[in-house]
């Protein structure tokens, strides 16, 4: 499969941004091409979220060791999210050619240690795409204007809406990551005092409040 020039340029810029070579640039490019062809943006961004969570969780588990308090809970959370990530990957490659499906399955989705090792390597690549996105940078499938047939909006008006809602969407995703990481650290070192529990609950409620407010803003913009 020949990678589109815009995707190839993105991958080269991503390596400069990450200050390292990608482990699987061809496969990442194929996933991006699949998103452009099928429109499975939500699924791909879910995979980005899961990949970043898995990479961070693995780093924490390596640092604290299996004897640390909370390791078992963190390990279970890791396995649950690993299953979610592989399920999303199967959905994405399910819309590609049989050759790509077979290659991804044999490389990343077999029930063996080496396959999981390779999956975590491509998860590391995808986590850098998530970092790129959180820094407000544009992904290949994010266009500044989209024509809606039968709509009264002009291309310029629609482009302006996307410019407005895009940053809010990224903030919303950042808040979700904040909640996930917050819960992750609660598993590792839960508060033992009443004040600590109240503060933890307050932080969680505040993050959820931010997400709900941003969702209302985006919905209001979409209806205008």
Subject >> Within the stretch 109-142: backbone nitrogen closer than 19 Å to the residue 19 label point (7 Å, Cα to C-beta) >> reply: 124-137
**OP:** State, to one decimal in nm, how far the label point of residue 102 lies from the label point of residue 142, with both points 7 Å from Cα in the Cβ direction.
**Re:** 3.7 nm
Subject >> Relative contact order (%) - the stretch 1-128, alpha-carbon pairs under 8 angstrom, separation at least six >> reply: 35 percent
**OP:** Classify the stretch 1-135 as rounded, prolate or oblate, taking a ≥ b ≥ c as the square roots of the eigenvalues of its Cα gyration tensor: rounded when a/c is under 1.5, otherwise prolate if a/b is larger than b/c and oblate if not.
**Re:** prolate
**OP:** Using a/c under 1.5 as the rounded threshold, could you call the stretch 9-71 rounded, prolate or oblate? The axes a ≥ b ≥ c are square roots of the C-alpha gyration tensor eigenvalues, and prolate needs a/b larger than b/c, oblate otherwise.
**Re:** oblate
Original post:
If r is the Cβ-Cβ distance from residue 200 to residue 131 and R0 is 25 Å, what FRET efficiency results, to the nearest 0.05?
Top reply: 0.45
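Here, each number is a calculation from the coordinates, and none is a lab measurement. What you are looking at is a predicted structure, and each value in this text was computed from that prediction instead of being measured. Cβ atoms come from the backbone with ideal geometry, glycine included; neighbour counts cover every protein chain shown.
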